[in-house]
């Protein structure tokens, strides 16, 4: 199974890893630990939103090995929280919905322990200009 670098210092501090990445799809994993819990002892909403944002964004930024890296940034993200984040890990699945020359649209789902859908998001992203 190919390994992909997260290539994002903030995601690395959260322990995020890239489980799968291909054209139009990205799958990220994040462990649930005490550093990501809120006052009620469940996964903090901002951690979930961050993971959803990254999964949706990465879904539109895949480049084949040997091709120039692609970068982008979020223009808009709408997140819906569906259940509590209680478990060992969160898997976020990102799906490219439509791509254009400078903007793309993607969605993502967050699953706890591959059994419970806890949140979903949809967003608009812009490709970053390369130097």
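The values are calculated or read from the model by the stated rules, or taken from the named source; none is laboratory data. What you are looking at is a predicted structure, and each value in this text was computed from that prediction instead of being measured. All Cβ positions, even for glycine, are placed from backbone atoms using ideal geometry, and neighbour counts span all protein chains on display.
Tell me the residue from 87, 94 that is surrounded by 15 or more Cβ atoms within 10 Å (Cβ to Cβ) and on the phi > 0 side of the Ramachandran plot, please.
87
May I ask you to list the residues in the range 55-74 that are more than 11 Å from residue 106 (Cβ to Cβ) and in a strand (DSSP E or B)?
73
Tally the residues that are at pLDDT 95 or above and at positive phi, restricting the search to the range 16-53.
The total comes to 1.
Name the residues in the range 37-50 that are in a helix (DSSP H, G or I) and either touching a residue at least 24 places away in the same chain (Cβ under 8 Å) or closer than 23 Å to residue 100 by Cβ (or both), would you?
45, 47, 48, 49, 50 - these are the residues of the range 37-50 that are in a helix (DSSP H, G or I) and either touching a residue at least 24 places away in the same chain (Cβ under 8 Å) or closer than 23 Å to residue 100 by Cβ (or both).
Conditions (1) in contact (Cβ under 8 Å) with a residue 24 or more places away in the chain; (2) more than 23 Å from residue 5 (Cα to Cα); (3) out of contact with any helix residue (DSSP H, G or I) (no Cβ under 6 Å at 6 or more places or on another chain); (4) exposed (fewer than 14 other Cβ atoms within 10 Å of the Cβ), marked per residue:
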residue	(1), (2), (3), (4)
52	yes, no, yes, no
66	no, no, yes, yes
75	yes, yes, yes, yes
80	yes, yes, yes, yes
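Please verify whether residue 12 is more than 18 Å from residue 121 (Cβ to Cβ), surrounded by fewer than 18 Cβ atoms within 10 Å (Cβ to Cβ) and over 14 Å from the mean Cα position of the chain (by Cα), treating the condition exactly as stated.
The answer is no for residue 12.
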